Amino acid sequence: MKLDKRITNLIITGFSGTGKSLVAEEVARGLNWDFLDTDDEIVKETGKPIAEIFRQDGEGKFRELERETIRKACQQRQTVIAIGGGAIVDPQNYELLAKTGLIVCLEAKPETIYERLFREAACSPETEVRPLLANDNPLERIKQLKASRQPYYANVDWTVHTDNLNISQVAEEVIRAWRLLRLAHPPHLNPLPSRERKLGSQLKANDDVACVVETTTQSYPVFVGYDLLDKLGEKMKQAALSGTATVISDENVFSLYGSKVEEILKDAGFAVNSFVVPPGEETKNMDYATKIYDFLVEHRAERDDIIIALGGGMVGDLAGFVAATFLRGMPWIQVPTSLVAMVDASIGGKVGVNHPEGKNLIGAFYQPNLVLADCQTLTTLPQRELTSGWAEVIKHSMILDEEFVQFLESNVDRLTKLEPELLTRAIARSAAIKAQVVSQDEKEREGKRTILNYGHTIAHGLEAATQYKRFLHGEAVAIGMVGAAKLSQRLGLLPSAAVERQQALLQKFGLPTVFSGLDLTEITKAMELDKKTKEKAIRWVLLQDIGKVIIRSDVPYQDVLAVLRELAEP
Ligand SMILES: NC(=O)c1ccc[n+]([C@@H]2O[C@H](COP(=O)([O-])OP(=O)(O)OC[C@H]3O[C@@H](n4cnc5c(N)ncnc54)[C@H](O)[C@@H]3O)[C@@H](O)[C@H]2O)c1
């Protein structure tokens, strides 16, 4: 299989009697794509049946017409194209087809083919007998001709053996192949942005794709753009999704974007149901998961239907958990609408609900099929939520990307005013950093994902000490980042100028860098219970430089206490 191909179409080939046209038509229906049969096009163009063209004008003329029809067909997008059984033998046709689509060959034994063609002729005696049957020993003729084409059929991307399958089963197999193979050739996706690439060029001409998350269980694009919601249906169809979409959202977000999303999905040919939950962290629990299961049962949701999480991180975690568990897993889409969700929660497949004894205690790793972030939705996000989200963006820059730090520093005003182009670039870059990290450590087993916890050790201490009521997560992370940088400085890892630089950036984005009125022992107690401990030692994510992290498990308690004292306002 060629590795540089762009998949825009799906091509079905195979010998006569393998069901190419019927299968292609059914696959097109299943994918919600267009359908085209090159033989039918030739008949339409010439006004003559194929057998007559062969008889009157010769095979040479037919192949010429076929070549021209294939050339035109290859200019289509999202089309399932059934081609004649001999078309692929022509190198010019093959090259063109292989460049623009996945080629699937339908296979059958000569005996099966003979039987099918014979039955077809008996059932519709009014149609002209196929040339293959119009000779003394049709089975032998089928065997010979098929053998001569076999090397070309072997050159395709995927083969489906059809002897024991009906048309629908073959179509299902083709769709399955398409789902598997498109991961090897995502449509118009760029690889993860390289570290050297300039921010300015990052989003140009790349079809809204900020990055691709590549894990062992799923590879999926993260689309980031302004006004991108309108393309949701189109992107889902490109990802070969079809069926009923269940939108899960919270009351705030649904009242703003629910009907728009429903319309967009319906226009793209999806059936739509919506389930709306109350906003807030209290909703992220098993009770609401069960309510959603009940809704899906009531609406007879099937395994290939789609869950759409429309909202902030709370909705993403809850809807993703339902998608991971209902019918042992359904396809799902993240449509994040908060800044935290766009750059963090929607990427990486961590889904879950809270338990009365702790946050996120019940969950799974279950990757979405795609993420689509429309930055315009941030215009309605409450200011405090927005500011909190910038903490995660700054965190991503601080741990891995000094160039991104400079970009944020130079554009604070325009970013906080949500200027579309810059906002899109910042979110795309931040999402790409998260994607890069989770792609290397999907299930948080190899320690690489730990670096995302920069600022989080102290943050969790602050949140737990205040019963998760006082700080938004990003606010606590901002203070935690200041603490981690100060700790890095105490350990001789980071110059004071870098500590100040980070602090200044956080403040410019309106984030807190100190706290007041808290008992330090409450905080340290919560930190020791923090889930990021390994064999009782806290694994501190620290900075060696701006854009360069290091993990240390040997940080003296006294230094932590001293830093907490510095962070505490009198
Ligand atoms: N899965 C992960 O990897 C991951 C990572 C980080 C956070 N999280 C989870 O994400 C949640 C926090 O996410 P969050 O900060 O988005 O909280 P959230 O989902 O509760 O959203 C915050 C508030 O903003 C509202 N909102 C969201 N988008 C809006 C919009 N465009 N316009 C108007 N209002 C809008 C919501 O209704 C809510 O009231 C937590 O549950 C946290 O555990 C998960």
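Per-residue answers, yes or no, for (1) hydroxyl-bearing (Ser, Thr, Tyr); (2) modelled with pLDDT of 95 or more; (3) over 23 Å from Val541 (Cα atoms); (4) in contact with a Leu (Cβ under 6 Å, 6 or more places away or on another chain):
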{"residue": "Asp317", "(1), (2), (3), (4)": "no, yes, yes, no"}
{"residue": "Asp344", "(1), (2), (3), (4)": "no, yes, no, no"}
{"residue": "Ile347", "(1), (2), (3), (4)": "no, yes, no, no"}
{"residue": "Lys350", "(1), (2), (3), (4)": "no, yes, no, no"}
{"residue": "Lys359", "(1), (2), (3), (4)": "no, no, no, no"}
{"residue": "Ala364", "(1), (2), (3), (4)": "no, yes, yes, no"}
{"residue": "Asn369", "(1), (2), (3), (4)": "no, no, yes, no"}
{"residue": "Trp390", "(1), (2), (3), (4)": "no, yes, no, no"}
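Every residue, every condition in (1) under 35 Å from the mean Cα position of the chain (by Cα); (2) open to solvent by 50 Å² or more (accessible area, probe 1.4 Å); (3) of a type in the set (Val, Ile, Thr), yes or no:
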| residue | (1), (2), (3) |
| --- | --- |
| Glu45 | no, yes, no |
| Ile50 | no, no, yes |
| Lys61 | no, yes, no |
| Ile70 | yes, no, yes |
| Gly86 | no, no, no |
| Leu106 | yes, no, no |
Residues satisfying the stated conditions in the range 371-386, i.e. open to solvent by 30 Å² or more (accessible area, probe 1.4 Å) and either near the ligand (Cβ under 10 Å from one of its atoms) or aliphatic (A, V, I, L, M) (or both) = Gln376, Thr379, Thr380, Leu381, Pro382, Arg384, Glu385
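Within the range 537-554, take every residue that is assigned to a loop (DSSP other than H, G, I, E, B) and over 30 Å from Leu408 (Cα atoms) and give me the one that is most open to solvent (accessible area, probe 1.4 Å).
My answer is Asp554.
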Residues in the range 464-514 that are touching a strand residue (DSSP E or B) at 6+ places or on another chain (Cβ under 9 Å), open to solvent by less than 10 Å² (accessible area, probe 1.4 Å) and over 18 Å from Gln544 (Cβ atoms) total 2
Are there any pairs, at least 6 apart or on different chains, whose C-beta atoms fall under 7 Å, with the first in the range 249-261 and more than 9 Å from the ligand (Cβ to nearest atom) and the second in a helix (DSSP H, G or I) and of a type in the set (A, V, I, L, M), and if so, which?
-> Lys260/Leu229; Val261/Leu229; Val261/Leu232
Filter the range 262-284 for residues that are more than 9 Å from the ligand (Cβ to nearest atom) and surrounded by 16 or more Cβ atoms within 10 Å (Cβ to Cβ) and give the result.
-> Glu262, Ile264, Leu265, Ala268, Phe270, Val272, Asn273, Ser274, Phe275, Val276, Val277
Out of the range 319-343, which residues are in a helix (DSSP H, G or I), on the phi < 0 side of the Ramachandran plot and away from the ligand (no atom under 13 Å from the Cβ)?
-> Val322, Thr325, Phe326
State which residue is farthest from Thr424 (Cα to Cα) when the search covers only the range 209-249 and only residues that are of a type outside the set (Ser, Thr, Tyr) and in a loop (DSSP other than H, G, I, E, B).
-> Gly243
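Please enumerate the residues belonging to the range 293-318 that are in contact (Cβ under 8 Å) with a residue 60 or more places away in the chain, closer than 12 Å to Val247 by Cβ and more than 16 Å from the ligand (Cβ to nearest atom).
Selection gives Asp305, Ile306.
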Residues of the range 392-427 classified as under 29 Å from Glu251 (Cα atoms), within 16 Å of the ligand (Cβ to nearest atom) and free of Cβ contacts under 8 Å to residues at least 60 places away in the same chain, total = 2
Quick one: Gly389 ticks every box in (1) within 9 Å of the ligand (Cβ to nearest atom); (2) open to solvent by 10 Å² or more (accessible area, probe 1.4 Å); (3) farther than 25 Å from Ser274 by Cα; (4) part of a helix (DSSP H, G or I) bar one, so which box is it?
-> (2)
Filter the range 91-121 down to residues that are out of contact with any Ser or Thr (no Cβ under 9 Å at 6 or more places or on another chain) and among the charged types (D, E, K, R), then give me how many there are.
-> 6
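The values are calculated or read from the model by the stated rules, or taken from the named source; none is laboratory data. What you see is a predicted model, and the numbers here were worked out from it, not measured in a lab. Note: ideal-geometry Cβ built from the backbone for every residue, glycine included; neighbour counts use all protein chains shown. Heavy atoms of the whole protein, side chains included, go into the accessibility calculation; ligands, DNA and RNA do not. Shrake-Rupley method; radii C 1.70, N 1.55, O 1.52, S 1.80 Å.
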